[in-house]
Amino acid sequence: MQAPVAPKNRLEFLNTRPPPNYVAGLGRGATGFTTRSDIGPARAAPDLPDRSAAPIGAAAPARKDEEEEEAEDKGYDENQKFDEFEGNDVGLFASAEYDEEDKEADAVWDEIDKRMDSRRKDRREARLKEEIEKYRASNPKITEQFADLKRKLVTLSAAEWDSIPEIGDYSSRNKKKRFESFTPVPDTMLEKARQEKENVTALDPRSRAVGGTETPYSQTPDLTAVGEGRGTVLSLKLDRLSDSVSGLTVVDPKGYLTDLKSMKITSDAEISDIKKARLLLKSVIQTNPKHPPGWIAAARLEEVAGKIQFARDLIKKGCEECPKNEDVWIEACRLANPDEAKGVIARGVKAIPNSVKLWMQAAKLEHDEASKSKVLRKGLENIPDSVRLWKAVVELANEEDAKLLLQRAVECCPLHVELWLALARLETYDAAKKVLNKAREKLPKEPAIWITAAKLEEANGNTAMVGKIIERGIRALQREGVEIDREAWMKEAEAAERAGSVATCNAIISNTIGIGVEEEDRKATWVADAEECKKRGSIETARAIYSHALAAFLTKKSIWLKAAQLEKAHGTRESLDALLRKAVSYTPQAEVLWLMGAKEKWLAGDVPAARHILQEAYRAIPDSEEIWLAAFKLEFENNEPERARMLLAKAREKGGERVWMKSAIVERELGNTEEERKLLNEGLKLFPSFFKLWLMLGQLEERLGRLPQAKEAYELGLKQCPNSTPLWLSLANLEERMSGLSKVRAVLTTARKRNPQNPELWLAAIRTEARHGSKREAEILMAKALQECPNSGILWAANIDMVSRPLRQSKSQDALKRCEHDSHVIAAIAKLFWHDRKIDKARRWLNRAVTLAPDVGDFWGLLYKFELQYGTEEQQKEVLRKCIAAEPKHGEKWQPISKAVENSHQPVEAILKKLVIALGKEEKAAKENKH
């Protein structure tokens, strides 16, 4: 038997050598591509053995072991796959060790790469910046293209604005279609429209069959016809109301529209509610017919429903069921016709003759005063003790009749103080005293009688009796057990002041101000009371409180000062002078009172009196530097330089640094530069830490053109006073003139390191960069400054001015969050409103700024400039008056003008006007720089 043949392997061809130039798939038309990774290294491929001759399952030849050994000798495998990133050398040094030398070499190469990159960085950034600027110049934004045109819109008038045509709507959505199709209307629709519009003049036969009283069939109403019918009716009504002769209408259009609006349209829901309420109220009045509110509610419901006659019938039944209730009668009078109202109220007062409400209602129904008085007198016959009726009838009577009526009224109503006081006011002096004495007997616990008696005495010139009457009245009230309420009596004092009874006001205060106040709290309580009265406008009451407090505390300087301030604000020069003379006699060591007295005399033009007061002050306080300086200022401001020199020469023997400074100021204004330098040098030897002397010395050298000496003075001053901001700023300004921007930066940087969190120094650096065109650097400095000084108002104000107009609103909001009550921020926001021509808001914010900082002259200059542009003459005068009263001393732009030598004796008004001129020039220069 023949042995079975072994099956032939289907994949045997995989172990055979392919034919030469064989490409897989070429026979069936498939072509591919070959990459280097498929080929492998560019080396000759080893000869592969012919695996077809080998039996199945035989071991592989030993060629593989030889190749592995050869790769180990070489250190890499040359038959490895090609790497697309590293190339063919990816495994060349794979087996080598990474030692310290390799690490050091990599670090050196990294440093070389960084160095080369930094050398090219500046050029690369400059080239990139130049390309961006060139691109922006060639492709500007739309807002930048039309910016100059938008600025010119300010000059357009209202007529030119109105003449600009409307642009119209050219969108494709609203354009008419080019081709429109039309569909003809069917004949049936035209016939139906004709039938709806035609007028029928004959009755329908079917309707005549039933007498013409029924509608034979229902038909949907035509809303168009209904609308046209309403219009026809309205036109007929208007034609009826028009004047057929002149052709002019007599219809009041406003009244007609009001009538249309007042027409009540009742919905189904409201009708349902009315029906339910009607049932409920019907049940109420049927189950309890003697309940007046039920009848009133039912009548008012019918009134609301529009059934006025039914409401009158209901309330009439209510009056029959409840004849003794005055509310029902008053409601019946209200609902009745005007002709029937008197009859209704007459039946009411007949049923209830003691009802004050009904008699008052009956008087209201009368039209003339005589009839009203007659009705009220009739009511008084029935109710003689009604104060309301007595007051009403007295108001209608003349003076003589009123007196007789009040005499009868106090007999009928002896316990009502208003009637007694009214009678006393109408009587003569002697008769009024008798009336008040009778009133005191009847009403011993009533304080108003005593106060009225005091006013009576004051009105008749007996001011000496006023205090006695009030004092006696308080004792009598205390005997009767009446508690004296201090606050209530103070209100009575204020009322007496408003009535013109000043002596009574003073008497009340002097006798009641100390009641219920502890000994140790008297001063604070009385001063607080006086300040509250002053806020309410009760000046005489406040003056009386201060007078009483000064009687108890004669040597308290603070009370004298507050009283003097009150007299200065609301009194006369004579009263203030008398008060100050009295004050310095009790407190001779209070130099502020002496100075106030001297200043008031000086302002009044009495210079000899001011000198006399200062001489007395010097005798009382011989070592007071303030007295010496006040005497110097008095002589200097009145053009007496020699006397001022003599005073300062004596003052320098004992005085401090301010005396030396004032001495140098005198010599500066007189033009004696050598004497000024001598005084400054001597003063600096005695007071080297007083920065103002160093500042004046540097300014002296600057005026003489000796800039190096000025720089030396500032530097020496900064060694002694390193925290003086004015010295740093002066040195920076000098360096800017001498050396330029780089030196200024160094000075201001050093200043900020010595004085951290100083907004003035940051602001100076920011402005310096802006002046030299470094806008980007200025913005960076501003950001750093706001990080270091986040609550600085001057920095936020400068930031608002620096940013572009679209960003100013958001910056203003941020500034208000940080420093809401800062005057600089308020002024900056006011300028924004000003530029946007929001006049009322700008005025309000500028007034707020000068209220917050009245000592800063810059804000007064802005407000006055604003009023010159938009305000009236009265508003301009008011700003001038307030500025003169405030006497501003500070301000970035105010001080250079006020401290200039040529303006040393100028009044506040002149300096304010010069500041306005300077602000105008500055604004004009800023506009020119922008354009």
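Values in this text are rule-based calculations from the coordinates and carry no lab data. This structure is a prediction, so every number in the text was calculated from the model and none was measured. Ideal geometry is used to build each Cβ from the backbone, glycine not excepted, and the neighbour counts take in all protein chains shown.
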* **Loop sites in region 347-454: trypsin sites (Lys or Arg not before Pro), DSSP, at most 15 other Cβ within 10 Å** => Lys445
* Reachable aspartates and glutamates from Lys275, Cα under 16 Å, same-chain residues fewer than 8 places away excluded? -> Glu302, Glu303
* Structure fact -> At the level of C-alpha centres, the distance separating region 710-779 and region 343-368, in angstrom, is 90 Å
* Relative contact order %, region 834-931, counting alpha carbon pairs below 8 Å whose residues are six or more apart -> 27 percent
* Which of the GluC sites (Glu not before Pro) found in region 470-568 are loop residues per DSSP with 13 or fewer other Cβ atoms within 10 Å of their Cβ? -> Glu480, Glu483, Glu518
* To do: Using just the alpha carbons, could you tell me how many Å³ per residue the convex hull of region 435-567 encloses?
  => 104 Å³
* Inverse of mean 1/r across different Cα pairs in region 587-646, Kirkwood, Å -> 11.3 Å
* For region 266-398, fraction of C-alpha pairs farther apart than 21 Å, in % -> 47 percent
* Could you give the C-alpha radius of gyration of region 854-930 expressed as a fraction of 2.2 N^0.38 Å, taking N as the number of residues it contains? => 1.09
* Asked: With respect to the cross-link table entries Lys865/Lys889; Lys654/Lys692; Lys601/Lys914; Lys599/Lys662; Lys568/Lys599, which display a Cα-Cα separation exceeding 22 Å?
  -> Lys601/Lys914
* To do: Could you pull out the pairs from Lys290/Lys357; Lys831/Lys882; Lys784/Lys913; Lys491/Lys841; Lys150/Lys921 whose alpha carbons sit more than 29 Å apart here?
  => Lys784/Lys913; Lys491/Lys841
* Structure fact -> Of the listed pairs Lys391/Lys455; Lys562/Lys811; Lys468/Lys562, those with alpha carbons more than 31 Å apart are Lys562/Lys811
* Where in region 778-859 are there GluC sites (Glu not before Pro) that are in a DSSP coil and have at most 13 other Cβ atoms within 10 angstrom of their Cβ? -> Glu820
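Can you compute the charge dipole magnitude of region 854-930 about its Cα centre, using +1 on each Lys and Arg Cβ and -1 on each Asp and Glu Cβ, nothing else charged? Give it in debye, rounded to the nearest 20.
Here region 854-930 has a charge dipole of around 200 debye.
Place a +1 charge on the Cβ of each Lys and Arg in region 547-704 and a -1 charge on the Cβ of each Asp and Glu, then give the dipole magnitude about the Cα centre in debye, rounded to the nearest 20.
So the magnitude is around 520 debye.
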* **Under Karplus coefficients 6.51, -1.76 and 1.60, residue-wise ³J(HN,Hα) of region 592-597 in Hz, glycine/proline x** => 5, 6, 4, 5, 5, x
* To do: Give the distance, in whole Å, between the Cα centre of region 847-903 and the Cα centre of region 525-600.
  => 29 Å
